[in-house]
Number of protein chains: 2
Amino acid sequence: MERATAKEPAGKAGQERDQVHVFAPATAANLVCGFDILGLALEEPGDEVFMKRSDQPGVRLLKITGDDGRLPLEPSKNTVSACVQMVLQHLKREDIGIEIELHKHMPIGSGLGSSAASTVAGLYAINQLLGQPLSKHELLPFALKGEELACGHGHADNVAPSLLGGITLIKSYDPLEVISLPVPKDLFCSVVFPHVDVPTRAARQMIRSKIDLKDAVTQWGNIAGLVSGLFMSDYGLIGRSMQDVLIEPIRAILIPEFYEMRETAMASGALGFGISGSGPSVFAFAQSRNQAENITHQIVQHLKSKDIDSNGYVSAVNTVGPRELF
Amino acid sequence: MERATAKEPAGKAGQERDQVHVFAPATAANLVCGFDILGLALEEPGDEVFMKRSDQPGVRLLKITGDDGRLPLEPSKNTVSACVQMVLQHLKREDIGIEIELHKHMPIGSGLGSSAASTVAGLYAINQLLGQPLSKHELLPFALKGEELACGHGHADNVAPSLLGGITLIKSYDPLEVISLPVPKDLFCSVVFPHVDVPTRAARQMIRSKIDLKDAVTQWGNIAGLVSGLFMSDYGLIGRSMQDVLIEPIRAILIPEFYEMRETAMASGALGFGISGSGPSVFAFAQSRNQAENITHQIVQHLKSKDIDSNGYVSAVNTVGPRELF
């Protein structure tokens, strides 16, 4: 993957600029047991936005690459430009002209928060361009509206970690409260996106709206266990808590080789394994980068033996979130 | 309440004794949002067990006080003696004779873990008498069996905190995994037991076995928030997380003045308020002993104005669990 080198953000707060080039990371939502409330930011993949001022007022989306023509260029329909418009409206800066290029370096509909990465890249870019008038937490509600536009539901479990970095907990939606959880220093992520088509909306719709209280209790024991494990840097507890009795059994039906991938991951030393977001990407925690590399490699090889192409990623937890590229 | 003074346990590990006198604490289970998985030990009230050896083999329950004759004296039917029998069987010490007195210093069917306190007192006593052959974690499965005998279900959310002390998370039942959560230093508990009859079994049976996934997600956001708040000593977050959208609306129906008690507690500075266990006792967190005293006082006064008698308690979180009395 081609990517410019990162360095510290150039723009000081209050200082407006003519152009910015930013990266926003992909995310793994749910972390197996925390459906709709937990997520983390990855080092890779992610999306890039190039944004510059223009003399002509209004927001224009000039170009999208890497989307195979699947995303709308109409500014009000694309989450990137629509969110930028919302921010300008909020700041009463609709007089200025903005031109955007979106470069997607990650698969769409993969369960890795593709729309969230684009949304966050756009929001981070406009905020940097205008000299950081808003905090990241102030940008979050705009990102939620972008998710609603792109996915039909305003969930925060991808946009929150992409924007804030690290591991995030959506404590509540009304009011919106997002908590940054600690990131144990030896925690690494293995992510594999198998090239099979699982539309996010369909995957969501398969989930039952009524569940057994008994299963919910099992689930919240695991959620509390995972959160405790993160605070205690207890890798064993983190792994033992990565179990999903509610959503995974249903979503796994749509993911070929899911249980074989789990077996491969666990045999390769994964702490825990499950679906990233609504899939088909899968996700494992490991206790070193080497181990995560091995897990990713073994899963990719297994899929290859079944004639399924895939993208494999290895990543620390990205504690920064979006950043400028130069 | 009469009670002997506590001091450090006298018996050394490995050293058997002829008699022991122990106290085991009442508990507040659920902590509002953590149905069946969270609980904490109180400083008061609690139960006392006086246990001594006898020349005649077998376990005998000589006397129970404070139960208004409601508890069985038949050794195999009372959780205290039955658990002691199980431990002796496990240790292959059925040859020895044990005589037990149980002094209940807390209401039965109050939602404060009455049976759990008795069970734990008995288990702690026999283990001390025999020179601590078992660890507290090894005693836990026996306590679960005692709960099953006493309540018809083997839940750990009262016995775990009573036995281990502090705030406990039942991460899972199969296998049983209990995690001790941190106790923020300024956290105090206000507990009020209104003298109204809410049988535990009936209260459990009112709870629906099917719930909305949407509500479950709200609930696990709060659980994760509460656990995070405990680790971060973030009292505001602890309070904001003490919300129960699933169980409380149903159980509150059985508790007269429930919402008025909440209003009173919150107006008196409570961080959060809810039902203790299956009620009718109510429970609030406060950020100082003074504040907890005020909350308890205000609730008791409110109930009095409605002609409802009650017992009020104020307590730090009891981080010790059961202890010897002299």
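The values are calculated or read from the model by the stated rules, or taken from the named source; none is laboratory data. Everything numeric here is computed off the predicted structure, so don't read it as measured data. Note: ideal-geometry Cβ built from the backbone for every residue, glycine included; neighbour counts use all protein chains shown. SASA here: full protein model, heavy atoms, side chains in, ligands and nucleic acids out. Shrake-Rupley method; radii C 1.70, N 1.55, O 1.52, S 1.80 Å.
Could you tell me whether A:Ala216 is touching a Leu at 6+ places or on another chain (Cβ under 8 Å) and open to solvent by less than 10 Å² (accessible area, probe 1.4 Å)? Show your work before the answer.
Details: touching a Leu at 6+ places or on another chain (Cβ under 8 Å): yes; open to solvent by less than 10 Å² (accessible area, probe 1.4 Å): yes.
Answer is yes for this residue.
If the condition is being surrounded by fewer than 20 Cβ atoms within 10 Å (Cβ to Cβ) and either in a strand (DSSP E or B) or without any contact (Cβ under 8 Å) to a residue 24 or more places away in the chain (or both), then segment B:21-67 contributes B:His21, B:Glu43, B:Glu44, B:Phe50, B:Lys52, B:Arg53, B:Ser54, B:Gly58, B:Arg60, B:Leu62, B:Lys63, B:Thr65. Residue count for segment A:183-224 under the criterion of being touching a residue at least 24 places away in the same chain (Cβ under 8 Å) and at the interface with chain B (Cβ under 8 Å from one of its Cβ atoms): the result is 8. Of all residues in segment B:120-143, those satisfying the criterion of being open to solvent by 30 Å² or more (accessible area, probe 1.4 Å) and part of a loop (DSSP other than H, G, I, E, B) are B:Gln132, B:Pro133, B:Ser135. Scanning segment A:144-182 for residues that are open to solvent by less than 20 Å² (accessible area, probe 1.4 Å), at pLDDT below 95 and either away from chain B (no Cβ under 11 Å) or more than 15 Å from the chain's Cα centre (by Cα) (or both) gives A:Gly146, A:Glu147. Residues that are part of a helix (DSSP H, G or I) and touching a strand residue (DSSP E or B) at 6+ places or on another chain (Cβ under 8 Å) were ranked within segment B:236-247; the one that is farthest from B:Ser180 (Cα to Cα) is B:Arg240.
When the test is whether a residue is at the interface with another protein chain (Cβ under 7 Å from one of its Cβ atoms) and surrounded by fewer than 16 Cβ atoms within 10 Å (Cβ to Cβ), A:Ser233 does not pass it. A:Leu164 fulfils the conditions (1) in contact with a Leu (Cβ under 6 Å, 6 or more places away or on another chain); (2) closer than 14 Å to A:Leu38 by Cβ; (3) aliphatic (A, V, I, L, M) except for a single criterion, (1). Annotation: of all residues in segment A:236-253 being within 9 Å of another protein chain (Cβ to nearest Cβ) and open to solvent by 50 Å² or more (accessible area, probe 1.4 Å), the one that is nearest to B:Lys214 (Cα to Cα) is A:Gln243.
Would you check if there is a residue in segment A:133-143 being of a type outside the set (Asp, Glu), touching a Leu at 6+ places or on another chain (Cβ under 9 Å) and free of Cβ contacts under 8 Å to residues at least 40 places away in the same chain? Yes: one or more hits.
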